[in-house]
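All remarks here apply to the structure that follows.
The values are calculated or read from the model by the stated rules, or taken from the named source; none is laboratory data. The model shown is predicted, which means the values in this text are computed figures rather than measured ones. Virtual Cβ from ideal backbone geometry, glycine too; neighbours counted across all protein chains shown.
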Amino acid sequence: MTVLAHEVAAVPSEAATVTSAGQETAIASATAAVAGDVEAALALADHQPAGEAAVRLRDRLREHVRTLAVPAERYADLLPESREKDIASSTVRFARKVARDCGSDPAIALRLLAKSVAHLARNTDLLRRT
């Protein structure tokens, strides 16, 4: 499976504001789970987008969207009025829309959900760093 550099960069790294080893482990674990689900979704989209594993993965990606949309939206709200703020806000709206309904093509659904999660994770990481 090939992972592109921008996909890896889009996944949040450990937060600099961690205050305990337990929190650090939990963040690293959550980050790894999100990254793993994004990678798996992109691979399944190409090879087996309609199987039971893909259905469960789409459900997990929807949950990631629900979880990550809140801090990603906070990040967008903190930005000054700019194109960057518009893009960050639109990304959250689009991700929520995709999580509600991403169409009937399972491969497209996996790709849209995976990319949405990756972008939300990136913005969530940027919020942690501010």
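The single residue among ARG96, ARG129 that is more than 16 Å from the chain's Cα centre (by Cα) and surrounded by fewer than 21 Cβ atoms within 10 Å (Cβ to Cβ) turns out to be ARG129. Pairs linking a residue in segment 83-103 that is of a type in the set (S, T, N, Q) to a residue that is surrounded by 11 or more Cβ atoms within 10 Å (Cβ to Cβ), with Cβ atoms under 6 Å and 6 or more positions apart or on different chains, are SER89/ALA76; THR91/HIS119. Residue pairs whose Cβ atoms lie under 8 Å apart, sitting 6 or more positions apart in sequence or on different chains, and linking a residue in segment 33-52 that is within 14 Å of LEU113 (Cβ to Cβ) to a partner that is among the aromatic types (Phe, Trp, Tyr) and modelled with pLDDT of 90 or more, do not occur here. Considering segment 75-128, and only residues there that are under 23 Å from THR31 (Cβ atoms) and hydroxyl-bearing (Ser, Thr, Tyr), the residue that is modelled with the lowest pLDDT turns out to be THR124. PRO71 - would you say it is assigned to a helix (DSSP H, G or I), of a type outside the set (Gly, Ala, Ser) and without any contact (Cβ under 8 Å) to a residue 60 or more places away in the chain? So PRO71 passes the test.
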